[in-house]
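Data block below; observations after.
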Amino acid sequence: MSLLLLLIPLIGVGLVTVEANYGLSLINNIRIKSIALTTSIVNLIVSLVMFILFDFSSKQFQFIEEHYQISYFDIYLGVDGLSIYFVLLTTIIMPIAILSN
């Protein structure tokens, strides 16, 4: 689930890049902002589900994902008791920042 928190914004960036290549018009800007808002809200929903499923009685990393077979580097993702609040705070602030723009 922690990998989703990284992949959803990357997919949104790809969609915004494709949409931005079609030109600069008012309708295009509205589409770009709606794509950005949609991906940030989806990311917020994923982080809320992650927060609800988080076991606060455990002091270990949770939602651990390990990927060792990726070319020259290893990916080890996990969330502990302190970082779950930072993840939630970041995903709450992003839609607010996009809406205020």
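Rank I30, I52, F86 by how far each Cα sits towards the positive end of the charge dipole of the chain (+1 on Lys, Arg Cβ; -1 on Asp, Glu Cβ) and give me just the farthest. Projecting each Cα onto the dipole axis, the largest value belongs to I30.
Each Cα pair under 8 Å and six or more residues apart adds its sequence gap; the mean of these over the residue count of the chain is a relative contact order of 31 percent.
Multiplying the residue separation of L3 and T38 by 0.36 nm and subtracting their alpha-carbon distance yields 10.8 nm. Calculated FRET efficiency, N29 to L82, Cβ-Cβ distance, R0 = 35 Å: about 0.40 to the nearest 0.05. For segment 31-54, the residues whose amide N sits under 17 Å from a probe point set 7 Å from the Cα of I98 along the beta carbon direction are 31-49. For the options G12, G78, G23, a Gaussian network treatment of the chain with springs between C-alpha atoms closer than 10 Å singles out G23 as fluctuating the most. Taking one quarter of the surface of the C-alpha convex hull of segment 2-100 gives a mean projected area of 7.8 nm². Evaluated with a Cβ-only charge set (Lys, Arg +1; Asp, Glu -1), the chain carries a dipole of roughly 400 debye about its Cα centre, given to the nearest 20.
Bear in mind these aren't lab numbers, they're just calculated from the coordinates by the rules spelled out. What you see is a predicted model; the values in this text were computed from it and never measured. No Cβ is skipped: glycine too gets one built from the backbone with ideal geometry, and neighbour counts run over all protein chains shown.
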